[in-house]
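The values are calculated or read from the model by the stated rules, or taken from the named source; none is laboratory data. Everything numeric in this text was worked out from a predicted model, so none of it was measured. Please note: Cβ atoms are built from the backbone with ideal geometry, for glycine as well, and neighbour counts cover all protein chains shown. SASA here: full protein model, heavy atoms, side chains in, ligands and nucleic acids out. Shrake-Rupley method; radii C 1.70, N 1.55, O 1.52, S 1.80 Å.
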Amino acid sequence: MIKVENLVKTFGRKKAVDDVSFTVERGEILGFLGPNGAGKSTTMRMVTGFIPPTAGKVSVGGFDMLDNPVGAKKLIGYLPESAPSYPDMTVLGFLKFAAEIRGLSGAEKSKAIDRVIELCFLQNVIHQSVDTLSKGYKHRTCFAQSIVHDPDVLVMDEPTDGLDPNQKREIRNLIRRMGEKKAIIFSTHILEEVEAVCTRAMIIDRGKVVANGTPAELKAKSDLAGSVSLKVKGIGASVVRGKLDALNEVSKTTTVEETDGKVWVRAFPKDAPKNGEVSEAVARTAAAEKWDVVEVFTEQGRLDEVFWNITLSDTDQSELSKQKA
Amino acid sequence: MGNITTIAKRELSAYFASPVAYVFIVIFLLLTGFFTFMVGGFFERNEASLTAFFLWHPWLYLFLVPAVGMRLWSEERRQGTLELLMTMPITPWQAIVGKFVASWVFLGIALVLTFPIVMTVNYLGDPDNGIIVGGYVGSFMMAGAYLAITCLTSAITRNQVIAFIISVVVCLVLILAGWPPVTNFMTQMFPDTPSLVGFVASFSVMTHFEDFQRGVIDSRHLIFFLSVMGFSLFSTAVVLKSIRS
């Protein structure tokens, strides 16, 4: 549905988006991750046709955004970053306007409006003017606007920003449900959101795509991914590590924590980890040595760690090590 | 066409959703009344015409029209709704025309509400109503020209006050270029080149509004006002395009 090829956007001398390509098909939810100013919003603005790209191509549902913007825009629902809406209109008036400009009329229009009012929990405020609403309601009003025409493509810039935890959950569930039939792009700073909602995630840093894959694939890039943690009681860390280091499957071990006779040792796999191989070996050793085991678990890897490693530029890292020294 | 209507409807309802519309209409009617009867000497003229009424329109519009139009695009930019509007399945031109038409219709409503003065003059005497219709048409066209200029200035800035001030200045220039004291002064300055004075004056709304007040609806004057509107709205499109890239 969405096809982006070699998208470039420069503002003055600054390259905000640098050669970004991706496709999103129906049934996919693509999560955009990245630090502030990484080019997420700029990319989304080009996908939705708000700003023209310096170079590259965007097509939505087969319509080129430059050659046939109206055709492409018909298929898109868009929630901009600040969730803008007309402050002097009522919620109902605003949704009516959104529906009409999307070409809905008559019974179809009222049905569509009723549907989004229910989906976005706006029943209590429909006759209130937008500028009297709280931030969460304003956000949901703009969200409602973006789905009123049941678009095939949904682009959302930080859809859960400024919502309370319950609302966040509702919106996430809504996105996940809609993702079954639509092509969705959304950006976020919240990593668990990516894990909870996306079928695919892209990390963007300084205008470039630096990682692209399913949340599980991204997590596997974490240094910790595949490592086995072992917590035992009543024995020294050095003994445990000595035994584990001797195992064929293990490349190295580290001591994570050692307190009041309780040690936490982490064993890293050799080569690419196979399913359960290392944890099996660790568990076998523990049983043979009759250690008093508290816990054994395999790390899935953590997205925040991957994010941190990938998006921290070399200069930042050297800055950091300087500070440490 | 449907999109233009939808945009215009929203814009027009936005005027009436806030006190702006009512405040504007009341002030407009009060001022037209004041200028017609107190300053224009409606009764002292002792003639059945609306000369005293139309005479002040270029000056009244100088402040009132920019006040109506200053928020058209600047507010859209400030609120971020420009992003919403420009990602809707409409062309920028439809949005520009829709918003302009809404404000113009609003000014038209205010103008129509001055109808009691037409009734008054018809009650008191026997005026030439053709001349009055001409005056109204000219006044409406002039309001449209001012409004299109305000449209352009409000697209240039996010700040309504700046949009207002620039519009007033531009409109003032368009008035002064044909205002008798200025044209007389220019004739004294450049006595050898009357064509220059005529050229400058031809850019003035005063020159073009005059004939309307005499009941003459001349295509040249219509073309002048329409081309000011066309040029300003086209420039608005250019400005909007440039701020988006």
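Would you confirm, using the coordinates I've provided, whether B:W73 is open to solvent by 50 Å² or more (accessible area, probe 1.4 Å) and either polar (S, T, N, Q) or out of contact with any His (no Cβ under 7 Å at 6 or more places or on another chain) (or both)?
When the stated conditions are applied, B:W73 does not pass them.
For the range A:11-21, state whether one or more residues are crowded, with 21+ Cβ neighbours inside 10 Å and away from chain B (no Cβ under 14 Å).
Scanning the range A:11-21 turns up at least one residue that is crowded, with 21+ Cβ neighbours inside 10 Å and away from chain B (no Cβ under 14 Å).
So if I check each of B:M86, B:M70, which one is more than 14 Å from the chain's Cα centre (by Cα) and of a type outside the set (F, W, Y)?
B:M86
Of the residues that make up the range A:258-269, is at least one touching a Ser or Thr at 6+ places or on another chain (Cβ under 7 Å), open to solvent by 50 Å² or more (accessible area, probe 1.4 Å) and among the hydroxyl-bearing types (S, T, Y)?
Among the residues of the range A:258-269, not one is touching a Ser or Thr at 6+ places or on another chain (Cβ under 7 Å), open to solvent by 50 Å² or more (accessible area, probe 1.4 Å) and among the hydroxyl-bearing types (S, T, Y), which makes the answer no.
Could you check, for the range A:84-107, whether at least one of its residues is open to solvent by less than 50 Å² (accessible area, probe 1.4 Å), acidic (D, E) and more than 12 Å from every other protein chain (Cβ to nearest Cβ)?
Taking every residue of the range A:84-107 in turn, none turns out to be open to solvent by less than 50 Å² (accessible area, probe 1.4 Å), acidic (D, E) and more than 12 Å from every other protein chain (Cβ to nearest Cβ).
Here are some conditions: (1) crowded, with 17+ Cβ neighbours inside 10 Å; (2) facing another protein chain (nearest Cβ under 7 Å). A:M65 meets all but one. Which one does it not meet?
Looking at each condition in turn, A:M65 falls short on (2).
Scan the range A:51-95 for residues that are within 25 Å of A:K15 (Cβ to Cβ) and of a type in the set (S, T, Y) and jot them down.
A:T54, A:S59, A:Y78, A:S82
Tally time: how many residues in the range B:36-71 are under 23 Å from B:I165 (Cβ atoms) and without any contact (Cβ under 8 Å) to a residue 40 or more places away in the chain?
2
What number goes with the only condition from (1) more than 23 Å from A:A98 (Cβ to Cβ); (2) free of Cβ contacts under 8 Å to residues at least 24 places away in the same chain that A:L191 does not pass?
Result: A:L191 fails condition (2) only.
Looking only at the range B:24-55, count every residue that is touching a Leu at 6+ places or on another chain (Cβ under 9 Å) and either charged (D, E, K, R) or within 26 Å of B:V105 (Cα to Cα) (or both) and tell me the total.
The qualifying residues number 9.
Pairs only if they're at least six apart or on different chains, beta carbon under 8 angstrom, first in the range A:127-150 and in contact (Cβ under 8 Å) with a residue 24 or more places away in the chain, second of a type in the set (S, T, N, Q) and surrounded by fewer than 23 Cβ atoms within 10 Å (Cβ to Cβ); list them, first residue then second.
A:H127/A:T90; A:Q128/A:T90; A:S129/A:T90; A:V130/A:T90; A:G136/A:Q167; A:R140/A:Q167
Of all the residues that make up the range B:14-24, how many are more than 7 Å from chain A (Cβ to nearest Cβ) and buried (at least 17 other Cβ atoms within 10 Å of the Cβ)? Steps first, please.
The initial filter retains those residues of the range B:14-24 that are more than 7 Å from chain A (Cβ to nearest Cβ), namely B:15-16, B:19-24.
Going one step further and asking which of them are buried (at least 17 other Cβ atoms within 10 Å of the Cβ), we end up with B:15, B:21, B:24.
Within the range B:14-24, residues that are more than 7 Å from chain A (Cβ to nearest Cβ) and buried (at least 17 other Cβ atoms within 10 Å of the Cβ) number 3.
Out of the residues in the range A:226-257 meeting the condition of being under 33 Å from the mean Cα position of the chain (by Cα) and open to solvent by less than 20 Å² (accessible area, probe 1.4 Å), tell me which one is nearest to A:R200 (Cα to Cα).
Per the criteria, the residue is A:G226.
I'd like to verify a number: residues in the range B:171-198 that are assigned to a helix (DSSP H, G or I) and buried (at least 17 other Cβ atoms within 10 Å of the Cβ), how many?
Qualifying residue count, the range B:171-198: 7.
State all residues of the range A:195-225 that are assigned to a loop (DSSP other than H, G, I, E, B), surrounded by fewer than 22 Cβ atoms within 10 Å (Cβ to Cβ) and either out of contact with any Ser or Thr (no Cβ under 9 Å at 6 or more places or on another chain) or among the hydrophobic types (A, V, I, L, M, F, W, C) (or both); if no residue qualifies, say none.
Scanning the range A:195-225 gives A:K221, A:S222, A:D223, A:L224, A:A225.
For the range A:22-58, how many residues are under 23 Å from A:H189 (Cβ atoms), more than 14 Å from chain B (Cβ to nearest Cβ), at pLDDT 90 or above and open to solvent by 30 Å² or more (accessible area, probe 1.4 Å)?
Summing the residues that are under 23 Å from A:H189 (Cβ atoms), more than 14 Å from chain B (Cβ to nearest Cβ), at pLDDT 90 or above and open to solvent by 30 Å² or more (accessible area, probe 1.4 Å) in the range A:22-58 gives 1.
Quick one: A:T132 ticks every box in (1) β-branched (V, I, T); (2) more than 29 Å from A:G34 (Cβ to Cβ); (3) in contact with a helix residue (DSSP H, G or I) (Cβ under 8 Å, 6 or more places away or on another chain); (4) within 14 Å of chain B (Cβ to nearest Cβ) except a single one, so which number is it?
For A:T132, the failing item is (3).
Exactly one of these conditions fails for A:A183: (1) open to solvent by less than 10 Å² (accessible area, probe 1.4 Å); (2) at pLDDT 90 or above; (3) more than 26 Å from A:I310 (Cβ to Cβ). Give me its number.
Failed condition: (3).
So which residues in the range A:18-44 are more than 21 Å from A:G62 (Cβ to Cβ) and part of a helix (DSSP H, G or I), if there are any at all?
Within the range A:18-44, A:K40, A:S41, A:T42 qualify.
Given the conditions (1) assigned to a strand (DSSP E or B); (2) more than 10 Å from chain B (Cβ to nearest Cβ); (3) not aliphatic (A, V, I, L, M), and given that A:G77 satisfies all but one, which numbered condition is not satisfied?
The single condition A:G77 does not satisfy is (2).
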